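For reference, the structure is listed below as structure tokens.
The values are calculated or read from the model by the stated rules, or taken from the named source; none is laboratory data. These figures come from a predicted structure and were not determined experimentally. With ideal geometry, Cβ positions are generated from the backbone for all residues, glycine too; neighbour counts draw on all protein chains shown.
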Amino acid sequence: MADNDNPTPSFEQALSELEALVESLEHGEMTLEESLKSFERGVELTRACQQSLKAAEQKVRILAQKNNEAELESFDGNE
């Protein structure tokens with residue numbers, strides 16, 4: 001359910017707005033209605049971020065395939 005009043009932001013814009021929404025929700029000073037609207041917007045922003053990351057990953061894979069010598073390695077955040 002896309003809202004025409006909220007066009008798809010860039011990854012950076014979506015992430016920044018999402019962080020602000022989370023901070024607002026954590027303060028707990030919103031009404032239930034406001035919290036639900038913020039949560040719904042947060043879901044939209046999360047999906048937009050996921051799509052952006054998926055598109056970026058696909059581009060990296062395509063570029064890596066063009067250069068057969070380069071191998072992709074899994075990223076392990078524990079290192």
Handout entry: Leading residue by the ranking (surrounded by the fewest Cβ atoms within 10 Å (Cβ to Cβ)) among those in region 40-66 that are touching a residue at least 12 places away in the same chain (Cβ under 8 Å) and of a type in the set (S, T, N, Q)
Key = T46
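Looking at L25, L63 in this structure, which one is in contact with a Gly (Cβ under 9 Å, 6 or more places away or on another chain) and part of a helix (DSSP H, G or I)? Show your work before the answer.
Working: L63 fails: in contact with a Gly (Cβ under 9 Å, 6 or more places away or on another chain).
Matching residue, one of L25, L63: L25.
Against the definition (part of a helix (DSSP H, G or I), surrounded by 12 or more Cβ atoms within 10 Å (Cβ to Cβ) and modelled with pLDDT of 90 or more), how does K37 come out, yes or no?
Numbers: part of a helix (DSSP H, G or I): yes; surrounded by 12 or more Cβ atoms within 10 Å (Cβ to Cβ): yes; modelled with pLDDT of 90 or more: yes.
Against the criterion (part of a helix (DSSP H, G or I), surrounded by 12 or more Cβ atoms within 10 Å (Cβ to Cβ) and modelled with pLDDT of 90 or more), K37 qualifies.
Quick one: in region 5-14, which of the residues that are under 17 Å from V43 (Cβ atoms) and out of contact with any helix residue (DSSP H, G or I) (no Cβ under 6 Å at 6 or more places or on another chain) is surrounded by the most Cβ atoms within 10 Å (Cβ to Cβ)?
So the first thing to find is which residues in region 5-14 are under 17 Å from V43 (Cβ atoms), and the list is 5-9, 11, 13-14.
Pick out the ones that are also out of contact with any helix residue (DSSP H, G or I) (no Cβ under 6 Å at 6 or more places or on another chain) and you get 5-7, 9, 13.
Numbers: D5: 5, N6: 12, P7: 7, P9: 17, Q13: 13.
Per the stated criteria, the residue is P9.
Determine whether E69 is loosely packed, with under 13 Cβ neighbours inside 10 Å, at pLDDT 95 or above and either touching a Phe, Trp or Tyr at 6+ places or on another chain (Cβ under 8 Å) or not small (G, A, S) (or both).
Values: loosely packed, with under 13 Cβ neighbours inside 10 Å: yes; at pLDDT 95 or above: no; either touching a Phe, Trp or Tyr at 6+ places or on another chain (Cβ under 8 Å) or not small (G, A, S) (or both): yes.
Considered against the rule, which asks whether it is loosely packed, with under 13 Cβ neighbours inside 10 Å, at pLDDT 95 or above and either touching a Phe, Trp or Tyr at 6+ places or on another chain (Cβ under 8 Å) or not small (G, A, S) (or both), E69 comes out as no.
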Problem - Hey, A20 in contact (Cβ under 8 Å) with a residue 12 or more places away in the chain and either assigned to a helix (DSSP H, G or I) or among the hydroxyl-bearing types (S, T, Y) (or both) or not - result: no
